[in-house]
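Read through the structure below, which is laid out as structure tokens, and then see the notes.
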Amino acid sequence: MENEQNRLICRCEEITLEEIIQAIDNGCTSLNEIKRYTRAGMGLCQSRVCSRLIARIIAEKTGKPLDEIVPVTARPPSRPVRIDIFSPRGCNVKNS
Amino acid sequence: MSRIAEHPILGPLKPSGREVSILVDGEEVIAYEGEMIAAALMASGRRVFRYTEKRREPRGLYCAIGRCTDCVMIVNGIPNVRTCVTPVEPGMIIETQRGIGRWGGGDHGIH
Amino acid sequence: MVFTDVAVVGAGPAGLSAAIECAEAGANVILIDENTKPGGQLFKQIHKFFGSREHHAGVRGFRIGEELLLRARKLDIDVWLNCEVCGIYGGTELWIVKNRRESRRLKARKIILATGATENAVAFSGWTLPGVMGAGAAQTMINLHRVIPGNRVVMIGSGNVGVIVSYQLLQAGADVIAVVEAAPRLGGYGVHTAKLRRAGVPFFTSHTVLEARGKESVESVVIVRLDEYWKPVAGTEKELEADTVCIAAGLTPLIELAMLAGCEICFIPSLGGHVPVHDRRMRTSIESIYVAGDIAGVEEASTAMEEGRLSGIHASASLGLYSADKEEELSHQIWERLDVLRSGPFGEGRRKAKEKIISMKSMTQ
Amino acid sequence: MNDTKKKAWQSEGVKTSGTPTLEELTQTPGFPSEEFLYAGPVAFIECVEKIPCNPCETACPRGAITIGDNITELPMLDAGKCTGCGLCLPSCPGLAIYVKDYTFEQDRASIIFPFEYLPLPKKGDIVEMVDRFGETLCEGEILMVNTSSRNDQTSLIKAAFDKRHFIGVVSMKRLVT
């Protein structure tokens, strides 16, 4: 069995339990902070898969109640889009 | 990992479109036009869709509805295409994605 | 920029029902969905629904979906498919990306968010191996795409999703070799668990998956017994030969768009976590935005459809399409049905949780 | 059923083993009372948890099943009115009803049960009859396979089996292709 600490929590950015715990030990107590500190939740899925797992780890480690661990700040685009969508020609670019 | 030809509730398989040929890592795979790429790949027995950037670990289908982005592959030269929500088109060229993938496809030598 | 009376985001059971109500009330409605087909997760529900006979009980989920689509077509509802809502501004404007390459703007007097929920994960060792997937993912594969995702399946979670998908995996021709439940008691309806049990599927209560093993994909699964503190008991590990692990650990409401819009949220564990605060009319803290279905608290398709109708009726009434009396009459009928669906040992908790949300809304106003 | 198994069946319940115990069943108002159990064809409604559901009530043309206005109540069977016609079987979304007849033959009882797997058995086939745990108890002879479209893909299967296993048998083992 792989090392427990080496277990992945964030699938997209490949962030381990150990890295999340380290972030908490270094003072992170929110999903936003963990995201910025470790990149967990910053990948393509935008924390849809791991945010709940990380919230539980924060709660366990810090005693912070789950209701106070709010989801990461939502920002547009709320779905992964291609960067050319922002170019003035964006809507004309054909799928190459 | 095979197609469900007969189903007790849904009846016989009604393909989403005509049989077409796609190229998966250079091998011909017969798929139905309009079905999701991930379905065609799993029906052909393929479960590994990509290898991750850091750990170089295999990944495959996880959520099947376009949310988790774990099933991304290089499709017609475009990396990070969610195969579970992208329909098959005839002649599609699909490649196992390594790491963050490369535009234009092809192996970029991390494996 | 396109203008409409009501924009409904998400064409699942709640969104479809909401759009139908709006159209029947005479509103211009645009129904938006990111998928290539409408229906959300309803078309993979191939079992017969519970409920009262007058309201679809005994009818298979996908047939209810077909019926809703037919009604939507008859009402000539404008359905925008392949459209991802990427932003929401000022409570009335949507930024939509169509076919992943075309930006569109849509301004609606009212917006109904029916974005559904997403499956929760369990991060055991090896959970990123191909072959480990959400139970809903397996259900999508077998019932929509008609492909078996694996031949020997270990199901994590005995709630209704876990047991229903297990049964449907058997129907698809796969073997479910174990249903593993961390709690000491099974979560799903007894009639569902009994169906599995008489088909020879064993249940392991107070057990969890410790590890999925395999090189390129799952080859075996190690399960372990949990003590009363939910800690693994050393020496109770069992290695099962399996090629697939399905995770049915509950759902979390997809509230991003509500958060983007600035809707107030609250935390209700029994409804899946953070949900937008809403009133009996399904209206959020932002006057022009309504919610319906799993985004407003994870329940079932049958309640989602009723909530969708509720949001549609009230959004239409707020546009002046119904008199106050008519609005109240229609709303009352739906609430009666919702109260029935939220009764009994399984539903009572959800009814109370819903009341809690609604009381929050009235306090903030 | 061997002794350990029997014990397990008696000590566990629907919330732990997945299937109700005989005690849970006999306390359920849909389970025929002793008086009607062996008296002829009768419905067994193994609905032991209050869930909001009532299609079985109106499915019965003789009014033998009562739930009432509060649809969360358990279905109550008036076994005296039940003829064992089986019309309630496909109406149950939980597939929790079957009809058994202890008086079918001298040595054999019969059962009609809902079945939603492929392949289906054919009339005359010999199959394995199973108990609530999926364990094979005895052989069964298929007497009828009803795939009426009215039942929306829930097939009804009638089989005859050794009446010594009357209480235990609830279904048949799935067939493999």
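The values are calculated or read from the model by the stated rules, or taken from the named source; none is laboratory data. A quick note: this is a predicted structure, and the numbers were derived from the prediction, not measured. Here the Cβ positions follow ideal geometry from the backbone for every residue, glycine too, while neighbour counts run over all protein chains shown.
Do any strands (runs of 3 or more DSSP E) lying entirely in the stretch C:44-154 carry at least 1 residues that are in contact with a Cys (Cβ under 8 Å, 6 or more places away or on another chain) and away from chain B (no Cβ under 14 Å), and which ones are they?
Details: elements: C:78-80, C:83-89, C:93-98, C:102-113, C:117-119, C:132-134.
In the stretch C:44-154, C:93-98, C:102-113 are the strands (runs of 3 or more DSSP E) which contain 1 or more residues that are in contact with a Cys (Cβ under 8 Å, 6 or more places away or on another chain) and away from chain B (no Cβ under 14 Å).
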Restricting to helices (runs of 4 or more DSSP H) lying wholly in the stretch A:11-88: which have 2 or more residues that are of a type in the set (Lys, Arg)? A:31-38, A:51-62
Output the residue which, of all residues in the stretch B:86-98 that are buried (at least 21 other Cβ atoms within 10 Å of the Cβ) and within 12 Å of chain C (Cβ to nearest Cβ), is farthest from residue B:58 (Cα to Cα). B:88
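So, in the stretch D:86-102, of the ones that are assigned to a loop (DSSP other than H, G, I, E, B) and touching a Pro at 6+ places or on another chain (Cβ under 8 Å), which residue ends up farthest from the other protein chains (Cβ to nearest Cβ)? Lay out the reasoning, then the answer.
Of all residues in the stretch D:86-102, those assigned to a loop (DSSP other than H, G, I, E, B) come to D:86-88, D:92-96, D:102.
Narrowing further to those that are touching a Pro at 6+ places or on another chain (Cβ under 8 Å): D:87, D:92-93, D:95.
On the way: D:87: 12, D:92: 8, D:93: 4, D:95: 6 Å.
Taking the candidates together, the pick is D:87.
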Among the residues of the stretch C:220-258, what is the count of those that are under 27 Å from the mean Cα position of the chain (by Cα) and in a loop (DSSP other than H, G, I, E, B)? 6
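Of all residues in the stretch D:103-136, count the ones that are facing chain C (nearest Cβ under 9 Å), aromatic (Phe, Trp, Tyr) and closer than 22 Å to residue D:153 by Cα. Show your work before the answer.
First, pick out the residues of the stretch D:103-136 that are facing chain C (nearest Cβ under 9 Å): D:116-118, D:130-135.
Those left that are additionally aromatic (Phe, Trp, Tyr): D:117, D:133.
Restricting the remaining residues to those that are closer than 22 Å to residue D:153 by Cα gives D:117.
So the count comes out to 1.
I'd like the residue in the stretch B:1-34 that is hydrophobic (A, V, I, L, M, F, W, C) and more than 10 Å from chain C (Cβ to nearest Cβ) and, out of all such residues, is farthest from the chain's Cα centre (by Cα). Walk me through it before giving the result.
Kept after step one, since they are hydrophobic (A, V, I, L, M, F, W, C), are these residues of the stretch B:1-34: B:1, B:4-5, B:9-10, B:13, B:20, B:22-24, B:29-31.
From what's left, more than 10 Å from chain C (Cβ to nearest Cβ): B:20, B:22-24, B:29-31.
Values: B:20: 14, B:22: 10, B:23: 10, B:24: 8, B:29: 11, B:30: 12, B:31: 10 Å.
Looking at the filtered set, the residue picked out is B:20.
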Since residue C:169 meets every condition but one in (1) part of a helix (DSSP H, G or I); (2) farther than 24 Å from residue B:47 by Cβ, which condition does it not meet? (2)
Within the stretch C:180-191, residues being at the interface with chain D (Cβ under 8 Å from one of its Cβ atoms) and under 26 Å from residue C:228 (Cβ atoms) number 5
Failed criterion for residue B:75 (all others in (1) more than 16 Å from the chain's Cα centre (by Cα); (2) buried (at least 21 other Cβ atoms within 10 Å of the Cβ) hold): (1)
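State all residues of the stretch C:101-123 that are over 24 Å from the mean Cα position of the chain (by Cα) and touching a residue at least 12 places away in the same chain (Cβ under 8 Å); if no residue qualifies, say none.
First, pick out the residues of the stretch C:101-123 that are over 24 Å from the mean Cα position of the chain (by Cα): C:101-109.
Within the stretch C:101-123, C:104, C:105, C:106, C:107, C:108, C:109 meet the criteria.
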Within the stretch D:118-141, identify whether any single residue is buried (at least 20 other Cβ atoms within 10 Å of the Cβ), in contact (Cβ under 8 Å) with a residue 12 or more places away in the chain and among the hydroxyl-bearing types (Ser, Thr, Tyr), and answer yes or no. no
Count of residues meeting criterion [more than 7 Å from chain C (Cβ to nearest Cβ) and closer than 13 Å to residue C:131 by Cβ] in the stretch B:35-64: 3
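Yes or no, residue by residue, for (1) polar (S, T, N, Q); (2) over 27 Å from residue A:73 (Cβ atoms):
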site	(1), (2)
C:284	yes, no
C:290	no, no
C:298	no, no
C:306	no, yes
C:312	no, yes
Within the stretch D:142-160, which residues are of a type in the set (Val, Ile, Thr) and buried (at least 16 other Cβ atoms within 10 Å of the Cβ)? D:142, D:145, D:154, D:157
So, of the residues in the stretch C:233-258 that are touching a Lys or Arg at 6+ places or on another chain (Cβ under 7 Å) and surrounded by fewer than 18 Cβ atoms within 10 Å (Cβ to Cβ), which turns out to be nearest to residue C:151 (Cα to Cα)? C:241
If you take the residues in the stretch B:1-46 that are assigned to a strand (DSSP E or B) and of a type in the set (A, V, I, L, M, F, W, C), which one is surrounded by the most Cβ atoms within 10 Å (Cβ to Cβ)? B:36
Tell me, please, whether a residue that is in contact with a His (Cβ under 9 Å, 6 or more places away or on another chain) and within 21 Å of residue C:14 (Cα to Cα) can be found in the stretch C:133-150. yes
Evaluate the following for residue B:9: is it of a type outside the set (Gly, Ala, Ser), at pLDDT 95 or above and in contact with a helix residue (DSSP H, G or I) (Cβ under 8 Å, 6 or more places away or on another chain)? yes
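Just checking, does the stretch A:16-39 include any residue being charged (D, E, K, R), within 14 Å of chain B (Cβ to nearest Cβ), in contact with a helix residue (DSSP H, G or I) (Cβ under 7 Å, 6 or more places away or on another chain) and surrounded by fewer than 22 Cβ atoms within 10 Å (Cβ to Cβ)?
Quick first cut of the stretch A:16-39, residues charged (D, E, K, R) only: A:18-19, A:25, A:33, A:35-36, A:39.
Filter once more, keeping what is within 14 Å of chain B (Cβ to nearest Cβ): A:18-19, A:39.
Subsequent filtering for residues that are in contact with a helix residue (DSSP H, G or I) (Cβ under 7 Å, 6 or more places away or on another chain) retains A:18-19.
Those still in the list that are surrounded by fewer than 22 Cβ atoms within 10 Å (Cβ to Cβ) too: A:18-19.
The answer is yes; a qualifying residue exists.
Only one residue in A:60, A:33, A:4 is within 14 Å of the chain's Cα centre (by Cα) and acidic (Asp, Glu), so which one is that?
Working: A:60 fails: within 14 Å of the chain's Cα centre (by Cα); A:4 fails: within 14 Å of the chain's Cα centre (by Cα).
From the options A:60, A:33, A:4, the qualifying one is A:33.
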Restricting attention to the stretch C:29-43, and to residues there that are within 13 Å of another protein chain (Cβ to nearest Cβ) and in a loop (DSSP other than H, G, I, E, B), which single residue is farthest from residue B:82 (Cα to Cα)? C:39
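Let's see how each residue does on (1) more than 27 Å from residue C:300 (Cα to Cα); (2) surrounded by fewer than 16 Cβ atoms within 10 Å (Cβ to Cβ):
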position: C:57; (1), (2): no, no
position: C:63; (1), (2): no, no
position: C:84; (1), (2): no, no
position: C:88; (1), (2): no, no
position: C:91; (1), (2): yes, no
position: C:98; (1), (2): yes, no
position: C:102; (1), (2): yes, yes
position: C:106; (1), (2): yes, no
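Looking only at the stretch D:157-177, which residues are part of a strand (DSSP E or B), under 19 Å from residue D:40 (Cα atoms) and within 13 Å of another protein chain (Cβ to nearest Cβ)?
D:157, D:171
Provide a single number: the residues in the stretch B:67-76 that are at positive phi and more than 7 Å from every other protein chain (Cβ to nearest Cβ). If you could, list the steps in order and put the result at the bottom.
Step one: list which residues in the stretch B:67-76 are at positive phi, which gives B:69, B:76.
When the remaining residues are screened for being more than 7 Å from every other protein chain (Cβ to nearest Cβ), the result is B:76.
Selection size over the stretch B:67-76: 1.
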Being outside any loop (DSSP other than H, G, I, E, B), more than 9 Å from every other protein chain (Cβ to nearest Cβ) and either in contact with a Gly (Cβ under 9 Å, 6 or more places away or on another chain) or in contact (Cβ under 8 Å) with a residue 40 or more places away in the chain (or both), is that true of even one residue in the stretch C:198-210? yes
